[in-house]
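Single-structure report; data block below.
Every number here is computed from the coordinates shown, using simple stated rules; none is lab data. Predicted, not measured: the structure shown is a model, and the values here were computed from it. Note that we place each Cβ from the backbone using ideal geometry, even for glycine, and neighbour counts take in every protein chain shown.
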Amino acid sequence: SSDLSTKVAVGQTGFLYVLKGKQFIAIDEENVFKGFVGSNTVEFSLKNMLVRMFATKAQKQKLIKVEPDPYANFYMTKEGFLYAVALGSKNQIRCINSVGNNIYPEGTYCENTVASNGTVLTPAIADITVNDFGIVTVVEQNSRRIYQYDQEGNLLAVFGGEGSKLGKFNVPSSIVEDENGKLYILDRAQNNIQIMEGTAFIQNVHTALQYYYDGDYDSAKDYWQKVLEI
């Protein structure tokens, strides 16, 4: 049920943040409710508005209630930013600041996949992790792939995929990155955890981005040159 509380994390202020369907609940150390955070909203639809304006009462009763997409998981950074992943066709990755606004670039993240019966499946991101430099990595269950994005939502890498060999996944369900940049990915179907280390190529990309976002463009250029050479 979307009404269940499913995930919990502790913020820098000591608040508990609890995922409850389409929003997060903030609770202080005394178990006092402090409010809702990052509530999902439904996008404006002219079609739906016109239908509700001109439809009969009986027709309105048959309309399906439009609800916002539920969150699937979240990650709390040391700086107190709440990175969340939501189900749906767009804005699947969000960074919620202290006042509850999404400051991650809007857009479509991960890719649609096609099931064996021809049905198009929108991304189903199961978990998210963020390193100290704002590099975002998520696990997507339909494609069994790992997607990585920079601070501005640019796609950096896609790897993994369905399979039972090393580097492949059956049902990737959780991910975390340690201080050395290693990714730990849990596969609940294969009952294992795979540890992945970045190649020289992606390490150079990450270092270039760190310098770039710090404003050291000369140093960033040196690492981008290494990327080009590879």
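Below are the figures for this structure:
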quantity: Degrees between helix 200-213 axis and first principal axis of the chain (Cα, 0 to 90, nearest 10); calculated: 70
quantity: Cut-off of 10 Å, at most 14 other beta carbons, DSSP loop: longest stretch of the chain lacking such trypsin sites (Lys or Arg not before Pro); calculated: 91-164
quantity: More than 33 angstrom apart: percent of Cα pairs within the chain; calculated: 26
quantity: C-alpha long axis of helix 217-229 to longest principal axis of the chain, angle in °; calculated: 80
quantity: Relative contact order of the chain, pairs being alpha-carbon contacts under 8 Å that are 6 or more residues apart, as %; calculated: 9
quantity: Where GluC sites (Glu not before Pro) fall in DSSP loop in the range 156-230, at most 10 other Cβ within 10 Å; calculated: Glu179, Glu197
quantity: Residues Thr199 and Phe133, FRET efficiency given R0 of 22 Å [Cβ-Cβ distance, rounded to 0.05]; calculated: 0.80
quantity: Arg188-Ile230 pseudo-label distance in nm [points 7 Å out on the Cα-to-Cβ vector]; calculated: 3.3
quantity: Flagged links, alpha-carbon separation over 21 Å, of Lys182/Lys221; Lys22/Lys78; Lys7/Lys78; Lys34/Lys90; calculated: Lys182/Lys221; Lys22/Lys78; Lys34/Lys90
